[in-house]
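As structure tokens, the structure follows; a few thoughts come after it.
The values are calculated or read from the model by the stated rules, or taken from the named source; none is laboratory data. None of these values were measured; they are calculated from a predicted model. Virtual Cβ from ideal backbone geometry, glycine too; neighbours counted across all protein chains shown.
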Amino acid sequence: MEFSTVLIDWYQKNKRNLPWRDTTDPYKIWISEIILQQTRVSQGLPYYHAFITQYPTISDLAMASEKDILILWQGLGYYSRARNLHEAAKNIHLYYHGIFPSDYSTILSLKGIGEYTAAAIASFAFKLPHPVLDGNVYRFISRLFGIEEPIDTNQGKKKIQHALGIIFDQSQPDIFNQAIMEFGALQCVPKKPACDRCAFSHQCIAYKNRKVDQLPYKRGRTKVVNTFHTYFFIRYKENTYIEQRTEGIWKNLYQFPMVESLKSSEDTICELSEYFTNNPKIKIIDSYTTKHLLSHRKIYATFYTINLNKRPLFLKNNIFEITMKAMGTKYPLSILIQNFMKRNTHD
Ligand code: SF4
């Protein structure tokens with residue numbers, strides 16, 4: 001039987017019921033694909049429903065404020081995805097009358113849409129013959145064809161693309177793409193796949209050569225850099241003080257006044273008094289240190305909880321006063337700050 005027939009048959013019997021599979025609406029497919037980048041399906045599902053409910057059309061999303069979008073995105077991480085989503089929605093609203101473009105190269109030109117997402121939208125929504133290549137497909141193809149070039153090199157990528165081109169079903173790209181991604185996600189899993197129950201075991205080179213556990217190869221992982229954040233959770237009566245980040249992955253999110261460095265510093269707390277112009281009396285109530293791992297960086301975060309005896313005047317004029325209740329409801333926060341607030345309310 002032809003490869004595609006076996007794969008699609010497997011898919012029909014094993015696929016998960018996910019809401020974005022029942023639609024050909026490119027907007028909904030786009031939202032789901034962006035949410036699912038670096039995010040598990042179970043975690044992304046509630047965010048997908050929340051987005052579609054709050055912003056049912058591209059124009060609704062285009063006209064929303066970035067702050068409201070980031071509030072909805074809180075907890076998902078990789079906030080540039082939300083900012084790019086907004087930017088692309090504004091462009092579609094402005095230049096394409098709110099109608100999602102239906103050709104691959106225009107889709108690819110939108111902010112935050114790479115080759116994988118463009119192929120997913122083009123094939124699922126418009127049945128255009130563009131194969132998708134996500135991490136699950138890379139793994140499955142590298143094992144099936146026994147490709148030993150590292151998949152994070154140009155040569156490895158080219159080999160995988162070529163191999164995928166051989167089995168790709170041009171006549172039904174939408175269902176073929178869904179099926180191959182699902183196969184990688186559910187059957188040809190990273191650890192201990194059930195090869196003895198696999199429909200392709202008779203042709204799988206990695207299985208024949210006992211290399212399933214080794215493939216795919218990767219040349220090298222991103223070097224993780226240590227970073228040290230010191231946050232000042234300053235309290236005056238029921239209020240606290242925050243600032244908006246202007247750069248980095250948490251750009252435009254809000255945080256406590258902070259010092260960031262590449263070296264651990266015991267003296268950072270001394271710098272706090274330099275924040276004020278009117279010398280309030282500083283009382284340190286608590287300090288708490290935690291680790292937060294991002295893909296390329298390990299953050300050692302220390303939070304000082306500080307009570308003040310009078311309303312502070314800040315030297316840095318982007319710091320402003322809010323009620324503690326407004327944290328996370330009116331002002332979007334990174335997961336690191338959210339977790340700290342949760343810990344504080346549970347103490
Ligand atoms: S035999 Fe094993 S490694 Fe090969 S495609 Fe099937 S599940 Fe993946």
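Are any of the residues in region 213-224 surrounded by 16 or more Cβ atoms within 10 Å (Cβ to Cβ) and within 10 Å of the ligand (Cβ to nearest atom)?
There is at least one residue in region 213-224 that is surrounded by 16 or more Cβ atoms within 10 Å (Cβ to Cβ) and within 10 Å of the ligand (Cβ to nearest atom).
Here's a check for you: in region 296-347, which residue that is crowded, with 17+ Cβ neighbours inside 10 Å and assigned to a loop (DSSP other than H, G, I, E, B) is modelled with the lowest pLDDT?
Among those residues, the one meeting the criterion is Gly328.
Please work out which residue is nearest to Ile8 (Cα to Cα), limiting yourself to region 158-175 and to residues that are of a type outside the set (S, T, N, Q) and free of Cβ contacts under 8 Å to residues at least 24 places away in the same chain.
Once the filter is applied, the top-ranked residue is Ile166.
For region 103-114, how many residues are in contact with a Leu (Cβ under 7 Å, 6 or more places away or on another chain) and part of a helix (DSSP H, G or I)?
Counting residues in region 103-114 that are in contact with a Leu (Cβ under 7 Å, 6 or more places away or on another chain) and part of a helix (DSSP H, G or I) gives 1.
Mind counting the residues in region 53-102 that are closer than 22 Å to Gly114 by Cα and not in a helix (DSSP H, G or I)?
Qualifying residue count for the region: 11.
Do we have Gly112 as buried (at least 17 other Cβ atoms within 10 Å of the Cβ) and either touching a Gly at 6+ places or on another chain (Cβ under 7 Å) or at positive phi (or both) here?
Answer is yes for this residue.
Any idea how many residues of region 158-209 are surrounded by fewer than 16 Cβ atoms within 10 Å (Cβ to Cβ) and away from the ligand (no atom under 16 Å from the Cβ)?
7
Can you tell me which residue in region 16-60 is farthest from Val189 (Cα to Cα), limited to those that are surrounded by 14 or more Cβ atoms within 10 Å (Cβ to Cβ) and of a type in the set (Lys, Arg)?
Across region 16-60, the extreme among qualifying residues is Lys28.
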